[in-house]
Amino acid sequence: MTVEHAIRVEGVEKEFGSGSSAAIALRGATLTVPFGGITMLVGPSGCGKTTLLSIIAGLLRPTRGAVRLLGRDLLAMSDRAQVDFRRRSMGFIFQQYNLLPSLSAAENASVGLLAAGVPRRAAVGRAAALLSDLGLGQKLDSLPRTLSGGQQQRVAVARALAHDPSVVLCDEPTAALDGASGRAVMEMMAAIAVRPDRAVLIVTHDSRIFDFAHQIVQMEDGLITAVEQRANPATPTPAQAA
């Protein structure tokens, strides 16, 4: 079966609480994320971006609406099936890196593979190869506290991509980085994460990285208010991707 879109969200509503005290986070959001590019979800704080990302990730259930990932109905899955689906098909990159302080860079990048049952030697070897592609070949045995913010985020990128997911979800991945480090991380993602069979969805306030987007989706007050298609996003040169 050919899957047309990586992510399709239709009429998603989310309320927290009930009755007169209910807080409405999403008011019928509809979103399509295509394969082969980076989609950025932008808008003011509190507009519902992170709530929508959490629903797409299967970490929250919407009050109403439909969510399809890779052609599958996410809401029809059992909790266990959702966990298995995330483990196989989704990668996550966070603002604060979420690296384990006692593990080396290669070990951190292999965590998802180990959780999926890949033997340790093979998992660490695969993670090490990806870190080398990300320019961290000399830092494989380094602990997180010895790495710069940009280097730690590259480890987080490697961890998200090591199991070859089709969907990569990012929550403010460059917000904690300076301009040069943030751009370097985005150059790596543009070079490695964007493929015809993969989609990248980034929630961000960071206007410095907007030029890497293939699609920018504007949110406000729980709704998608505008979608901008970009024909010529920034792409790294081979030297930048090394």
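The values are calculated or read from the model by the stated rules, or taken from the named source; none is laboratory data. Treat the numbers as computed from the prediction; the structure is a model and nothing was measured. Quick reminder, even Gly has a Cβ in these numbers, built from the backbone with ideal geometry, and neighbours come from all protein chains shown.
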Subject >> Residues being within 17 Å of Met188 (Cα to Cα) and either acidic (Asp, Glu) or crowded, with 21+ Cβ neighbours inside 10 Å (or both) - total across the stretch 121-132 >> reply: 4
Original post:
Going by the conditions given, is Ser45 of a type in the set (S, T, N, Q), more than 27 Å from Arg195 (Cβ to Cβ) and modelled with pLDDT of 95 or more?
Top reply: no
Original post:
Somewhere in the stretch 117-137, is a residue more than 27 Å from Leu70 (Cβ to Cβ) and of a type in the set (S, T, N, Q)?
Top reply: yes
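Residues are listed down the side, and each one gets a yes or a no for (1) basic (Lys, Arg); (2) surrounded by fewer than 19 Cβ atoms within 10 Å (Cβ to Cβ); (3) under 14 Å from the mean Cα position of the chain (by Cα); (4) modelled with pLDDT under 95:
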residue	(1), (2), (3), (4)
Ala115	no, yes, no, yes
Leu134	no, no, no, yes
Asp141	no, yes, no, no
Gln151	no, no, no, yes
Pro173	no, no, yes, yes
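Are there helices (runs of 4 or more DSSP H) fully within the stretch 84-176 with at least 1 residues that are among the acidic types (Asp, Glu)? List them. First the steps, then the outcome.
Numbers: elements: 105-109, 111-115, 120-133, 149-161.
Those helices (runs of 4 or more DSSP H) span 105-109, 120-133.
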Subject >> Qualifying residues in the stretch 6-53 (those that are assigned to a loop (DSSP other than H, G, I, E, B) and within 16 Å of the chain's Cα centre (by Cα)) - the one surrounded by the most Cβ atoms within 10 Å (Cβ to Cβ) >> reply: Ala6
Subject >> Any chance Ala184 is among the hydrophobic types (A, V, I, L, M, F, W, C), over 16 Å from the mean Cα position of the chain (by Cα) and closer than 27 Å to Phe35 by Cα >> reply: yes
